[in-house]
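What follows is one structure encoded as structure tokens, with my remarks underneath.
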Amino acid sequence: MTRELTRILYVEDDPDIQAIAMMVLETISGFTVEACSCGSDALQKAVAFNPDLILLDVMMPGMDGPETLKGLRGFPELETTPVVFMTAKVQPQEVQAYLGMGAVGVIAKPFDPMTLAQELRDIWGRQQT
Amino acid sequence: MKAALPPNEDARLLALYRLDVLDTPREQNFDDIAQLAMSVCEVPIAVVSLVDRDRQWFKSCLGLDATETPRDVAFCAHAILTPQETLIVEDAMLDPRFADNPLVTDAPFIRFYAGAPLIAKNGEALGTLCVVDYRPRQLNDLQKNTLRLLSNQVIQLLQLRETNIALKQERQHIEDVIKGANLGTWRWNVQTGETIFNERWASMLGYTLEDLAPVSIKTWLTLCHPEDLKTSGKLLEKHFSGELDHYECHCRMKHKNGEWVNVYARGRVISSTTDGKPLWMSGTHGDITELQRSRLQLQESEARLQTMISNFPGAVYRCRNDARWSMLYLSDAVQRLTGHHAEEFLRENGLGFNDITHVDDISRIYETVQQALINNHAFHLIYRMQHAAGHWIYVQEVGTGVYDQTGALKYIDGFMWDITEAKAAQDVIEVSEKKLSTLYTQAPMAIALNKFSDGQYVECNPEFCRLIGYSHQEVLQIGNDQITPPEYYPNDYEQLQCLHLTGRYGPYEKNLIHRDGHLIPVLLNGVLIESPNGEQQIWSFVQDITERKRIEQMKNEFVSAVSHELRTPLTSISGSLKLIVSGMLGELPDNVKNMLSIAHKNALRLTLLINDLLDMEKLLAGKMVFDMRTQSLLPILEQSVEGNAAYADTFGVRLALQADVGDLQVFVDAQRLQQILANFISNAVKFSPPQGQVEIKVTRMDDQVKIAVIDHGPGVSDEFRARIFQKFSQADSSDSRQRGGTGLGLAISKAFVERMQGTIGFDSELGKGATFFAIFPISISEEKNINQAGNTV
């Protein structure tokens with residue numbers, strides 16, 4: 001029995017990109033999205049939001065993506081929540097490195113707003129099976 | 001009674017000894033005469049007795065077994081005292097001289113003796129022919145007379161014998177001489193043609209006399225050279241006519257081995273017929289081939305020497321060791337050298353060499369020569385000499401003293417030649433060498449010479465030493481490998497290959513290891529040369545590019561940083577524009593939508609440009625990682641065609657994949673290969689005429705596969721060919737706006753292909769389109785083998 005993806009915790013420091021992604025994910029695709037502008041913001045909101053999936057930008061000032069991931073995994077509630085990285089660094093060994101950290105997928109930046117929602121659903125689907 | 005000695009005893013003995021007959025074997029002639037005497041006188045004993053100093057010796061003795069008796073008891077010793085008479089003892093018993101003779105009183109009991117003296121030329125009685133009997137008797141007159149005549153015959157025989165001996169000795173002597181001289185001899189009967197040769201005559205021509213038998217004058221006629229026969233004939237006639245005292249001729253005779261033997265013939269007529277014609281002629285033939293050969297060699301060698309002296313590019317001389325070098329001999333070539341005739345130097349009080357030698361050189365020459373003469377060495381000089389025409393020439397001279405047996409100097413032999421031109425050339429070379437040497441030592445660029453075989457340094461300039469921090473001496477102890485990081489070995493090898501094939505290498509960038517361990521980025525160029533001893537060597541020009549590299553790195557880092565920074569806002573711009581243009585956020589008025597579409601398209605182009613810049617930067621910095629796998633080529637191609645079909649469609653161009661070679665395995669990074677193909681295809685599409693077709697064609701070439709993207713556009717112009725794979729190159733700067741693209745695509749593609757062990761290239765004919773291709777080695781992968789194995793199960 002597969003559950004539908006509905007709640008996404010989205011961490012992105014660039015407000016414009018965040019806005020575009022929110023537009024795609026919330027307004028167009030109908031997900032419930034909690035947007036955070038930095039790693040620590042995410043750590044504060046994550047447990048309460050109880051996301052199905054966490055979408056993490058890699059390059060951020062302060063805590064970067066991998067550090068944030070580590071922090072999130074510190075909460076028992078978030079131990080198994082699927083995490084997807086968004087990054088411009090998508091060389092094969094870089095992708096391998098993210099997957100090695102426990103990410104379930106990597107979305108290349110700049111992302112295509114037309115396909116972002118579908119990509120997340122695909123990753124979610126693979127996770128469920 | 002003992003007989004007295006004859007008054008001429010000494011002369012008598014001398015005459016006897018000269019006959020050289022004593023103690024010789026018996027001879028029939030003498031026995032015959034004794035036999036005759038015995039028969040005529042009717043006695044049992046006849047003897048030819050010769051009276052020696054102390055004995056009588058029998059040359060013949062019939063009827064008595066004896067060869068000699070003591071002279072004391074000899075009847076003959078008495079007989080020779082009366083040379084003119086025959087001594088007759090009718091009864092020895094009754095003769096007081098012999099009555100007590102042991103030969104009478106005892107065996108053989110002689111009673112009768114008659115001895116006719118043997119009288120030599122000067123009247124000496126040498127002995128007797130005597131007859132003896134055992135009983136008393138008498139001889140009648142006939143018998144006495146006969147005995148006397150027979151004794152004369154004996155003396156004749158003895159003298160003949162002596163003559164024979166002398167003749168024999170003479171002949172032996174002649175033969176020895178002939179043999180010693182190794183002469184062939186001949187005796188020719190001019191009238192009959194009968195000819196006698198000696199054995200040497202035959203062996204001189206490689207034969208034995210037996211080989212040539214029967215010999216005659218024809219033997220000579222056959223073996224002599226026909227031309228020489230004519231000459232010989234004429235000379236013979238002259239000899240026969242008396243014009244020439246003897247016949248003397250050089251002629252060639254055919255040796256058994258076919259070669260010509262040079263013969264010296266000499267002879268003369270030794271007897272004539274009664275009517276004055278030549279009868280016998282005798283002479284010799286001597287083999288003078290060797291003699292002639294050595295004479296010829298001597299002549300040749302002398303001629304050679306003369307030719308050498310006359311061809312020698314200078315003068316040969318012999319002079320005295322005096323203050324003015326008085327000339328004893330000077331070859332004619334001195335005129336060419338000095339402009340003065342040899343005669344001018346050779347005549348009394350003539351020109352001296354010091355007169356034309358540069359005044360500053362005279363004493364140095366004298367000292368050098370004297371020093372050499374004292375040490376018995378050759379001397380070697382270079383000095384200036386004034387030519388008759390007035391100009392100065394440089395002369396080189398080599399000479400040596402010639403000494404007699406006591407070690408005293410006789411004279412000086414030597415030669416001198418003009419080296420003005422060589423000297424001038426040498427001066428020019430020296431100046432030029434100095435110039436080059438200054439350039440080499442002062443150059444701000446490092447220069448080094450290595451052996452091609454092992455990279456060992458042979459030479460380097462000071463700048464090279466400074467660059468790598470080693471002393472000159474240390475550099476010569478090391479090789480290229482010691483100052484090259486191992487990761488450059490393959491590249492070094494490639495450059496060596498290039499050097500081997502083309503004679504040059506570079507420009508080639510690499511790092512060298514400084515003595516203190518830090519890396520020095522350098523740019524190398526070089527050429528292959530052959531050293532004078534035939535060794536292959538490399539001249540390398542090493543440019544220190546540390547500063548350039550530092551600036552390049554700064555630039556790259558700057559580009560990278562800027563690109564990253566640009567990308568973030570671009571992501572927002574293109575993302576939001578796409579959302580709006582897609583209509584997802586609601587319909588827009590057409591004119592607004594058009595403007596936003598333009599903004600979106602350019603935002604995308606900017607993104608691509610930045611992506612290319614980042615790729616390039618990664619490539620240059622070596623940060624790009626390739627995910628190399630052995631994989632099927634066909635799916636990658638299909639994906640590329642599919643992925644670019646929409647883009648082609650916007651230009652109205654059709655993509656056609658032609659891959660009838662079946663599936664092949666290649667060892668590549670699939671994503672990069674797709675990027676390469678996307679570059680090829682987008683270029684091809686951009687340059688295709690509307691409704692055109694771009695073919696993606698795969699062909700197999702032995703163990704390689706060629707992937708070609710073919711368009712039918714305008715082709716590549718000649719001026720663009722050379723820089724087509726360079727960064728930021730586009731055929732026309734206006735193209736980037738007309739056709740889109742960054743000008744980095746082919747440069748990136750080239751780097752990608754080469755990083756994947758492939759080669760990139762293009763063919764194009766202006767006006768007929770272009771073909772861009774990449775060639776990769778086909779992999780025989782284990783996977784495939786396993787798959788094939790699986791298929792058969």
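Numbers below:
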| item | result |
| --- | --- |
| Helices (runs of 4 or more DSSP H) contained in the stretch B:358-468 and holding at least 3 residues under 30 Å from residue B:516 (Cβ atoms) | B:420-442, B:462-468 |
| Count of residues meeting criterion [without any contact (Cβ under 8 Å) to a residue 40 or more places away in the chain and closer than 11 Å to residue B:414 by Cα] in the stretch B:306-326 | 0 |
| Output for the stretch A:82-95, where each listed residue is of a type outside the set (Ser, Thr, Tyr) and either in a strand (DSSP E or B) or within 14 Å of another protein chain (Cβ to nearest Cβ) (or both) | A:83, A:84, A:85, A:86, A:88, A:89, A:90, A:91, A:92, A:93, A:94, A:95 |
| Any hit, the stretch B:586-609, residues being more than 11 Å from every other protein chain (Cβ to nearest Cβ) and on the phi > 0 side of the Ramachandran plot | no |
| Filtered residues of the stretch A:98-129 (kept if within 11 Å of chain B (Cβ to nearest Cβ) and either in contact (Cβ under 8 Å) with a residue 24 or more places away in the chain or more than 17 Å from residue A:6 (Cα to Cα) (or both)) | A:108, A:109, A:110, A:111, A:112, A:113, A:114, A:116, A:117 |
| Test result for residue B:665, within 14 Å of chain A (Cβ to nearest Cβ) and either of a type outside the set (Gly, Ala, Ser) or closer than 26 Å to residue A:89 by Cβ (or both) | no |
| Odd one out for residue B:615 among (1) within 13 Å of another protein chain (Cβ to nearest Cβ); (2) among the acidic types (Asp, Glu); (3) farther than 26 Å from residue B:507 by Cα | (3) |
| Pair list, Cβ under 8 Å, 6 or more apart: the stretch B:436-455 residue over 20 Å from residue B:522 (Cβ atoms), other residue among the small types (Gly, Ala, Ser) | B:454/B:479 |
| Leading residue by the ranking (nearest to residue B:567 (Cα to Cα)) among those in the stretch B:609-624 that are among the hydrophobic types (A, V, I, L, M, F, W, C) and surrounded by 15 or more Cβ atoms within 10 Å (Cβ to Cβ) | B:610 |
| Of residues in the stretch B:304-360 being among the basic types (Lys, Arg) and at pLDDT 90 or above, the one surrounded by the fewest Cβ atoms within 10 Å (Cβ to Cβ) | B:320 |
| Residues (among the aliphatic types (A, V, I, L, M), within 27 Å of residue B:90 (Cβ to Cβ) and surrounded by fewer than 17 Cβ atoms within 10 Å (Cβ to Cβ)) located in the stretch B:120-172 | B:142, B:149 |
| Residue within the stretch B:517-525 that is modelled with pLDDT under 95, farther than 18 Å from residue B:460 by Cβ, touching a helix residue (DSSP H, G or I) at 6+ places or on another chain (Cβ under 6 Å) and not small (Gly, Ala, Ser) present | yes |
| Subset of the stretch A:81-114 [closer than 24 Å to residue B:573 by Cα and modelled with pLDDT of 90 or more] | A:84, A:85, A:86, A:106, A:107 |
| Residue match in the stretch B:619-633 (condition: modelled with pLDDT of 90 or more, away from every other protein chain (no Cβ under 14 Å), part of a helix (DSSP H, G or I) and within 29 Å of residue B:779 (Cα to Cα)) | yes |
| Residue match in the stretch B:267-283 (condition: in contact with a Leu (Cβ under 6 Å, 6 or more places away or on another chain), loosely packed, with under 12 Cβ neighbours inside 10 Å and farther than 17 Å from residue B:184 by Cβ) | yes |
| Residue satisfying all of: in the stretch B:369-392; within 25 Å of residue B:420 (Cα to Cα) and either modelled with pLDDT under 90 or of a type in the set (Val, Ile, Thr) (or both); surrounded by the most Cβ atoms within 10 Å (Cβ to Cβ) among these | B:369 |
| Selection count where residues are in a helix (DSSP H, G or I) and among the hydrophobic types (A, V, I, L, M, F, W, C), scope the stretch B:539-561 | 5 |
| Selection from the stretch B:637-651 of residues that are free of Cβ contacts under 8 Å to residues at least 40 places away in the same chain and either exposed (fewer than 14 other Cβ atoms within 10 Å of the Cβ) or not in a loop (DSSP other than H, G, I, E, B) (or both) | B:638, B:639, B:642, B:643, B:645, B:646, B:647, B:649, B:650 |
| Qualifying residue in the stretch B:224-235 (condition: in the same structural domain as residue B:187 (by TED's automatic domain parsing), surrounded by 16 or more Cβ atoms within 10 Å (Cβ to Cβ), touching a Lys or Arg at 6+ places or on another chain (Cβ under 6 Å) and among the hydroxyl-bearing types (Ser, Thr, Tyr)) | no |
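Matching residues to (1) more than 7 Å from chain A (Cβ to nearest Cβ); (2) in a helix (DSSP H, G or I); (3) hydroxyl-bearing (Ser, Thr, Tyr); (4) surrounded by fewer than 16 Cβ atoms within 10 Å (Cβ to Cβ):
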| residue | (1), (2), (3), (4) |
| --- | --- |
| B:563 | yes, yes, yes, no |
| B:567 | no, yes, no, no |
| B:571 | no, yes, yes, no |
| B:579 | no, yes, no, no |
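Here's the yes/no breakdown for (1) assigned to a loop (DSSP other than H, G, I, E, B); (2) under 14 Å from the mean Cα position of the chain (by Cα); (3) on the phi < 0 side of the Ramachandran plot:
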{"residue": "A:68", "(1), (2), (3)": "no, yes, yes"}
{"residue": "A:72", "(1), (2), (3)": "no, yes, yes"}
{"residue": "A:77", "(1), (2), (3)": "no, no, yes"}
{"residue": "A:80", "(1), (2), (3)": "yes, yes, yes"}
{"residue": "A:97", "(1), (2), (3)": "no, no, yes"}
{"residue": "A:113", "(1), (2), (3)": "yes, no, yes"}
{"residue": "A:118", "(1), (2), (3)": "no, yes, yes"}
{"residue": "A:123", "(1), (2), (3)": "no, yes, yes"}
{"residue": "A:126", "(1), (2), (3)": "no, no, yes"}
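The values are calculated or read from the model by the stated rules, or taken from the named source; none is laboratory data. Note that the structure is predicted; figures quoted are calculated from it, not measured. FYI the Cβ positions are ideal-geometry reconstructions off the backbone, even for glycines, and counts take in every protein chain you see.
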